[in-house]
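Reading through the C-alpha cells given below for one structure.
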Amino acid sequence: MMKKEIRKKSAAPFYAVAAVFVIWGFFLPLYLPLHFILLFIIAAAAYTVFSRLFPGTVTIVELDAPPVRTGDEKLDELMARGAVTVREMREICAAVSDAELSAKIGELARITDLIFRDLAEDAEDYRAVRRFSELYLPTVMKLLRTYRDFARGGGEGENVTETMSRISGALDSITASFRRQHDALFQNQALDIETDITVLENLLKSEKLQ
C-alpha cells in the first residue's frame, strides 16, 4: 500500500512575525532605512525560531492501490464496491481529529481492503465476502458516519458524548471481527458473523441510530 505524507505548517511563525511588526509599530521608530532593516531581521529571526518550536504536523495517509481486475464481472463488481467502502473509511479516518480513533479506523480500512482483495486470489470466497459486505459492513459504516457527523458538530451534549464513546469502544471488537473474517478467508473456512452483527445492531438500537 502506497503512503503519502501531508504536511501542515503551523500558523505560529506567522503570528510571531505579525506580533513583531505590531510591537515595533507601537513602541519603536520606523522612519529610517536602518529601522526597516532591523525590523525585517528581527521578524525573520522570529519566524525561524517559531518554525523550529512549532514545526506543524505530518499526517500519513494511505493511497488507494490500483484496482484489481479478474475478468469475472461479479467479482470485479464486488471488489469495486469494496474499494468505495474502503475509500470512505479512509476519508472518515482523515476527518477524525482523535489520533487513537483515527488509527483504529485506518486499521479497519486496511483489513477491509485485504478482505475484498482476497477475491482476486480465491474466487471461491465470493459468497463469504458478499455476505460480509451486505450484512456486516453497512452497520459498521453507519457507526463510523455517526461518529464523524457528531464530531463535526462539536460532540457536545451528554448523550452525544456517550454515543461517541461507545462507538469508539466498539471499534476494537469490530476490528477483531474483521481480522477473524480475513483469517477465515485465508484458511478457506466458513465464519459465522451473525453474533457480531447482532451486537452491532443492538448498539445502533440502544443509541437510537436505527
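Taken together, the values in this text are just the output of simple stated rules run on the coordinates, not laboratory data. These figures come from a predicted structure and were not determined experimentally. All Cβ positions, glycine included, derive from the backbone under ideal geometry; neighbour counts span all protein chains shown.
Quick look at the numbers
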{"quantity": "Förster-model FRET efficiency, 41 Å R0, D183 and F54, C-beta, rounded to 0.05", "calculated": "0.40"}
{"quantity": "Calculated from backbone phi, Karplus (6.51, -1.76, 1.60) coupling profile of the stretch 171-186 in Hz, x at Gly/Pro", "calculated": "4, 5, 5, 5, 4, 4, 5, 4, 4, 4, 4, 5, 4, 5, 5, 4"}
{"quantity": "Qualifying chymotrypsin sites (Phe, Trp or Tyr not before Pro) in the stretch 99-140, DSSP loop, other Cβ atoms within 10 Å at most 16", "calculated": "none"}
{"quantity": "Estimated inter-spin distance, A18 and R166, nm [label 7 Å along Cα→Cβ]", "calculated": "4.3 nm"}
{"quantity": "Linear extension gain, D122 paired with A103, 0.36 nm per residue minus alpha-carbon span", "calculated": "4.0 nm"}
